[in-house]
Amino acid sequence: MPFLIVFFRWLHVITACVAIGSVFFVRLLLPVGLRVADDSTRHAAFLRCRRALKLVIHPAILLFLISGIFNSWRAWDAYKTIPTVAHPLWGTHVLLAAIIFAIALYVLAGAEPPAGHRNWMLVTLVLLVATVAVASTLKYEREKAMTAAAAPARP
Amino acid sequence: MNGQMPELLYHAVFPILRWLHIVACALIVGGTLFYEFVIPHAIDDLRDETQLSIFGRVRWVFGSVVLWCTVLLVLTGAAAAWRSWPEYTTYRTGTIHLEENTVRLAGWWALGHTVVGVLVLALAVRLTFSRRVPPMSWMRVSFVMLLVTIFLGSAARHVRLFISEQREGQVYGNRWLLPRIPTTNESPPTLAAPQPPATQPTPSSSTRPVEGG
């Protein structure tokens, strides 16, 4: 059991790292690098990178769901002890994740990107970072509650 | 250590620092994945001079990202270590002798996370700022080391939380679950005081149990 706990937390974290970093790279860094190329070359290189991003994001969504469900199940009893804080934070985290999944699936669908894909990817990046902030706060509140609960036991 | 900083500031600063630590890690890990594994294949059918110019510009921009993220990771990691230091070094007398070894275990995991993390960040900066494009094998090594570093951090956190749960278990008799908060119509649960063993030292004596009882 401890191995599963550590494994699924590690899986959730590295999936987030890969997803955020990939979106950041493709949206903000790649356009700078492709600026020197002509239009057709730039578009071809961008489509190849977009295909690679699709191969990263689609499995990432699946891994997020699997590891997220396990981590939530594991921490649920702890969340129930701090409902006024955990409920909005966990709910916001899941809601933001669902929005991110929807946007990512829409933007990466098809052989060509949809209109406004640059803005959508920027929105996705901002939402990803916000989701991490909500998750970090939830984790902090949970640890704070555990520390406070253990405080009467200390001499 | 916690009392030296205003409580509101304490509870605002450390979540932000933790968030920055994760975001910086994400930018390095995901960016490294694309920089090392995707970009070379995406431009390999272009002319050589076009490949070099594209890769050179991407490398120049990503290098500054790696540098800033490295600084951020080191600073936020040091702050997190400072905050968690008492949990890695404080031993309690108690009936559960496992706890002292568990505290040491958490410290070793945290130390591993720090050492491997510093090494991989140094490698990442070296690879990004070297005059020539480094061989692909070194870049793959740095990516794998990044994943190992994250695992070591997850393990350290898990053991640290296990210690907290163990301490609660001494009071509430519940090793894995936190106690249920009573509703307004219920009275709070009464807690049984822990029964110290016969050899429990007094508070003025050493904090370690006396060997040989």
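A search for C-beta distances below 8 Å between a residue of region A:67-82 that is modelled with pLDDT of 90 or more and any residue that is surrounded by 14 or more Cβ atoms within 10 Å (Cβ to Cβ) and of a type in the set (Gly, Ala, Ser), counting only pairs 6+ apart in sequence or on different chains, returns A:GLY68/A:ALA97. For region A:84-95, the candidate set comprises residues that are among the aliphatic types (A, V, I, L, M) and buried (at least 19 other Cβ atoms within 10 Å of the Cβ); within that set, the residue that is farthest from A:ILE61 (Cα to Cα) is A:ALA86. For A:SER40, the conditions (1) surrounded by fewer than 20 Cβ atoms within 10 Å (Cβ to Cβ); (2) facing chain B (nearest Cβ under 9 Å); (3) small (Gly, Ala, Ser) are fulfilled apart from (2). Looking only at region B:116-153, residues that are hydroxyl-bearing (Ser, Thr, Tyr), at pLDDT 85 or above and closer than 12 Å to B:ARG59 by Cα come to 0 in all. Against the criterion of being hydrophobic (A, V, I, L, M, F, W, C), in a helix (DSSP H, G or I) and more than 7 Å from every other protein chain (Cβ to nearest Cβ), A:PHE25 does not qualify. Is it the case, given these coordinates, that B:CYS69 is more than 7 Å from chain A (Cβ to nearest Cβ), part of a helix (DSSP H, G or I) and either crowded, with 21+ Cβ neighbours inside 10 Å or touching a strand residue (DSSP E or B) at 6+ places or on another chain (Cβ under 9 Å) (or both)? Criteria met by B:CYS69. Out of A:THR92, A:THR124, one residue alone is over 26 Å from A:LEU47 (Cβ atoms) and within 14 Å of the chain's Cα centre (by Cα). It is A:THR92.
Out of all the residues in region A:147-155, is one or more farther than 27 Å from A:LEU29 by Cα, buried (at least 19 other Cβ atoms within 10 Å of the Cβ) and modelled with pLDDT under 90? So far as region A:147-155 goes, yes, one or more of its residues are farther than 27 Å from A:LEU29 by Cα, buried (at least 19 other Cβ atoms within 10 Å of the Cβ) and modelled with pLDDT under 90.
The values are calculated or read from the model by the stated rules, or taken from the named source; none is laboratory data. Just so it is clear, the structure is predicted and the values come from calculations on it, not from any experiment. Please note: Cβ atoms are built from the backbone with ideal geometry, for glycine as well, and neighbour counts cover all protein chains shown.
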